[in-house]
Amino acid sequence: MPFRARHLLGIETLAPYEIVTLLDLSDSYVDLNRSRAKHSDKLAGLTQINMFFENSTRTQASFEIAGKRLGADVMNMSMAASSIKKGETLIDTALTLNAMHPDLLVVRHPHSGAVDLLAQKVNCAVLNAGDGRHEHPTQALLDALTIRRAKGKLHRLNIAICGDIAHSRVARSNILLLGKMENRIRLIGPRTLMPSQVAELGVEVYEDMREGLNGVDVVMMLRLQRERMDGGFIPSEREYYHRYGLDPEKLAYAKPDAIVMHPGPMNRGVEIDGTLADDINRSVIQDQVEMGVAVRMAAMDLLAQNRATATPGVMV
Ligand code: NCD
């Protein structure tokens, strides 16, 4: 079985060959998405429910488009209007939805571990669309697909991940994925924004942007995740931009063909120069959005196939 997983909860439990299988299938969905009739019936008859307990633009829209293009019946739960507001627990809500026989449940939640917990309580395939600062697997997979298509490979690259690493599930999932594929990872940012166990991650750490960017193939920028900060992590946005904001002068330290990435939402003039973000010769930020739909189609397709072969009612 080239892809064994029954849920997509994180990169941590995926084997390198599962990642490659998923990316290869995603490539074929990129082609489908670029054609005029963007439809297949891979998920026909299946029900997909999207439960987003945190704000989202790209991730929610692309999961919805992905499901619709594959022919699933897609429902977006409005969590602001749900019974969660009346005090129902996450698990009760999940069990209620589970009784309606969904096949795919896409969940974003502010608490690390909440999506794993939920997956233990339902008998459909669960996809983690971001849980706290823990994991955001489809983001790391779409980043990997973007890198593989731009660089022609996904191994032995020097990749810099810059900014607010401590609060970022995007950084965590990317460190895991890019590490599994044998790349050299550098984390760049102020010490206050580095995770406490950074020494155990098998990465190089830099406090100076120019030093860290020297000779890299890929520059991945991150947003300052203020919603997860409970104090002063940076002196001021102005000072932060001066030291860590990516602009053409700092990018010049990277390889001449280095690509610039950002998961969005972007804060122009805080972590990245707006003109550079829009420069199609360097920035692949819009490609990342395009790859996001294809990767989510591939993930749901593979999980649905595994579900079809599973014993009814039993999910591992
Ligand atoms: C990221 C997220 O939600 O973790 N955004 C995304 O999914 N594209 C990153 C962020 O919020 O900064």
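For the stretch 202-275, list the helices (runs of 4 or more DSSP H) that sit wholly inside it and hold at least 3 residues that are surrounded by fewer than 21 Cβ atoms within 10 Å (Cβ to Cβ), within 16 Å of the ligand (Cβ to nearest atom) and in contact (Cβ under 8 Å) with a residue 40 or more places away in the chain; which are they? Give the steps one after another, and end with the answer.
Numbers: elements: 209-213, 237-244, 248-251.
Hits in the stretch 202-275: none.
Read through the list (1) open to solvent by less than 20 Å² (accessible area, probe 1.4 Å); (2) assigned to a loop (DSSP other than H, G, I, E, B); (3) within 16 Å of the ligand (Cβ to nearest atom), then give the number of the only condition that Gln288 fails.
Only one criterion is unmet by Gln288, namely (2).
If you go through the stretch 115-136 one residue at a time, do you hit one that is within 13 Å of the ligand (Cβ to nearest atom) and closer than 30 Å to Asp257 by Cα?
Scanning the stretch 115-136, I find at least one residue that is within 13 Å of the ligand (Cβ to nearest atom) and closer than 30 Å to Asp257 by Cα, so the answer is yes.
Tell me, which residue of the stretch 29-41 that is without any contact (Cβ under 8 Å) to a residue 40 or more places away in the chain and of a type outside the set (A, V, I, L, M, F, W, C) is nearest to Leu177 (Cα to Cα)?
By that ranking, first place goes to Asp31.
What is the residue count in the stretch 167-182 for residues that are without any contact (Cβ under 8 Å) to a residue 40 or more places away in the chain and either closer than 14 Å to Tyr244 by Cβ or open to solvent by 20 Å² or more (accessible area, probe 1.4 Å) (or both)?
Selection size over the stretch 167-182: 3.
I need the full set of residues from the stretch 79-135 which are without any contact (Cβ under 8 Å) to a residue 40 or more places away in the chain, of a type in the set (Ser, Thr, Tyr) and open to solvent by less than 30 Å² (accessible area, probe 1.4 Å), in order please.
Ser82
How many residues are more than 10 Å from the ligand (Cβ to nearest atom), in a helix (DSSP H, G or I) and out of contact with any strand residue (DSSP E or B) (no Cβ under 7 Å at 6 or more places or on another chain) if we restrict to the stretch 147-183?
Summing the residues that are more than 10 Å from the ligand (Cβ to nearest atom), in a helix (DSSP H, G or I) and out of contact with any strand residue (DSSP E or B) (no Cβ under 7 Å at 6 or more places or on another chain) in the stretch 147-183 gives 6.
With the structure loaded, tell me whether Ala299 is assigned to a loop (DSSP other than H, G, I, E, B), small (Gly, Ala, Ser) and modelled with pLDDT of 95 or more or whether it fails that test. Full working, then the answer.
On the way: assigned to a loop (DSSP other than H, G, I, E, B): no; small (Gly, Ala, Ser): yes; modelled with pLDDT of 95 or more: yes.
For Ala299, the condition - assigned to a loop (DSSP other than H, G, I, E, B), small (Gly, Ala, Ser) and modelled with pLDDT of 95 or more - is not met.
The values are calculated or read from the model by the stated rules, or taken from the named source; none is laboratory data. Keep in mind that this is a model prediction, so the values were computed, not measured. Glycine also receives a Cβ, built like all others from the backbone with ideal geometry; neighbour counts cover every protein chain displayed. Surface areas here come from the heavy atoms of the whole protein model, side chains and all, with no ligands, DNA or RNA. Shrake-Rupley method; radii C 1.70, N 1.55, O 1.52, S 1.80 Å.
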